[in-house]
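Q: Please see the structure below; I have some questions.
Bear in mind these aren't lab numbers, they're just calculated from the coordinates by the rules spelled out. Keep in mind the model is a prediction, meaning the values are calculated, not measured. Counting neighbours? That spans all protein chains shown, and the Cβs are built from the backbone with ideal geometry, glycine included.
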Amino acid sequence: MLLITPLIFGVENLDAAGSAAPLEMFVALCGIILLTPVFMPEQKPETLDLVATKWVSCMVVWGLRLLYSVVALALLTGLFCLSMRLGHCDVSFGMFLGCVCGALFLGASGLLASAVFNNVAVSYMVPLIVYAANFSGPKLLGNFWLFSMTVEQYHQKVWLFVSALVMLAAAFVVKGLRRRMA
């Protein structure tokens, strides 16, 4: 996904607002790809029953998957920002953090949908609908507008980050409750 970004967006000699566009509009989609499938291997009841018999808790397994997905997301985003920097783009550390926050928000919405609905299609549709709604502009979504760095506003990213943390925690709570009820 990151390799085709330069084909869709020009990623050389961009100012701050121009650099924010590919980061927020395309690179942030990696959050959906990396975070949404954390619970997917255990969606089949047979697999969940098998994993539940092991001495390591399912929560630990899911937590480790989430951790390495977040680390991979940060590394990939950082490498992309570095490549933009090498292409003489005005990319700051704040833009890197903002992109990661947006990606976490999208991925967390998919992970929460996965925990609630236990359905692969819905798990990916929810963050894509959230992403599509962001093209309506900041008036509809306010502090949850993903593309705020393109207009050089960063305070929305704090809202996205906190919301992502809440959704991640809620996903684990829902998944834990669902597992206990099964």
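Q: How would you rank TYR68, TYR124, TYR131, going from fewest to most other Cβ atoms within 10 Å of each one's own Cβ?
A: On the way: TYR68 12, TYR124 17, TYR131 20.
So the residues, fewest neighbours to most, are TYR68, TYR124, TYR131.
Q: Match the structure shown to one of the listed values [x] 15.9, 51; [y] 44.8, 150; [z] 17.3, 55 of Rg and Dmax of the Cα atoms in Å, computed from it, and give that label.
A: Of the labelled values, this structure produces [z].
Q: A follow-up question, please. Report ³J(HN,Hα) in whole Hz for each residue of region 66-73, in order, from the Karplus equation J = 6.51 cos²θ - 1.76 cosθ + 1.60 where θ = phi - 60°; Gly and Pro get x.
A: With the stated coefficients, region 66-73 comes to 5, 4, 6, 5, 5, 5, 4, 4 Hz.
Q: I want the local charge near GLN153. Using Cβ-Cβ distances under 14 Å, sum +1 for each Lys or Arg and -1 for each Asp or Glu among the other residues.
A: Values: positive: LYS139, LYS157; negative: GLU24, GLU152.
Computed value for this residue: 0.
Q: Now, a different point. What does the charge add up to near GLY87, with Lys and Arg as +1, Asp and Glu as -1, over the other residues with Cβ less than 14 Å from its Cβ? Don't skip to the end; give the middle numbers.
A: On the way: positive: ARG85; negative: GLU12, ASP15, ASP90.
Surrounding charge for GLY87 is -2.
Q: Okay, next question. So what does log10 I(q)/I(0) come out to for region 33-118 at q = 0.13, 0.21, 0.23 Å⁻¹, using the Debye formula with one equal point on every Cα and no solvent?
A: Evaluating at q = 0.13, 0.21, 0.23 Å⁻¹ gives log10 I(q)/I(0) of -0.52, -0.96, -1.07.
Q: Looking at the chain as a GNM with Cα springs under 10 Å, which of CYS58, CYS81, CYS101 has the largest mean-square fluctuation?
A: The residue that fluctuates most here is CYS58.
Q: Restricting things to alpha carbons, tell me how big region 1-45 is in terms of Rg and Dmax, in Å.
A: When restricted to Cα atoms, region 1-45 yields Rg and Dmax of 14.9, 51 Å.
Q: Net charge within 15 Å of GLY110 by Cβ-Cβ distance, Lys/Arg positive one each and Asp/Glu negative one each, not counting GLY110 itself? Each step should come with its number before you reach the end.
A: Numbers: positive: ARG65, LYS175; negative: none.
Once positives and negatives cancel, what remains is +2.
Q: Next up: Could you work out how far the C-alpha centroid of region 116-179 sits from that of region 39-59, in angstrom?
A: What the calculation gives is 26 Å, centre to centre.
Q: Let me ask something else. Per-residue counts of other Cβ atoms within 10 Å, averaged by peptide: what ranking do you get for 31-43, 153-165, highest first? Please list the in-between numbers first.
A: Values: 31-43: 21.7, 153-165: 17.3.
Taking the mean over residues of other Cβ atoms within 10 Å, the ranking is 31-43, 153-165.
Q: Of SER109, SER92, SER123, which has the largest mean-square fluctuation in a 10 Å C-alpha GNM of the chain?
A: SER92
Q: Based solely on its DSSP helices, what 222 nm [θ] is calculated for the chain when runs of n ≥ 4 H residues each add -39,500 (n - 2.57) and the sum is averaged over all residues, nearest 500 deg cm²/dmol?
A: Values: 9 runs with 127 residues, N = 182.
Value at 222 nm, helices only: -22500 deg cm²/dmol.
Q: I've got another one for you. What ranking of PHE105, PHE144, PHE96 emerges when the number of other C-beta atoms within 10 Å of each C-beta is taken as an exposure proxy, fewest first? Walk me through the numbers on the way to the answer.
A: Numbers: PHE105 28, PHE144 16, PHE96 20.
Lowest count first: PHE144, PHE96, PHE105.
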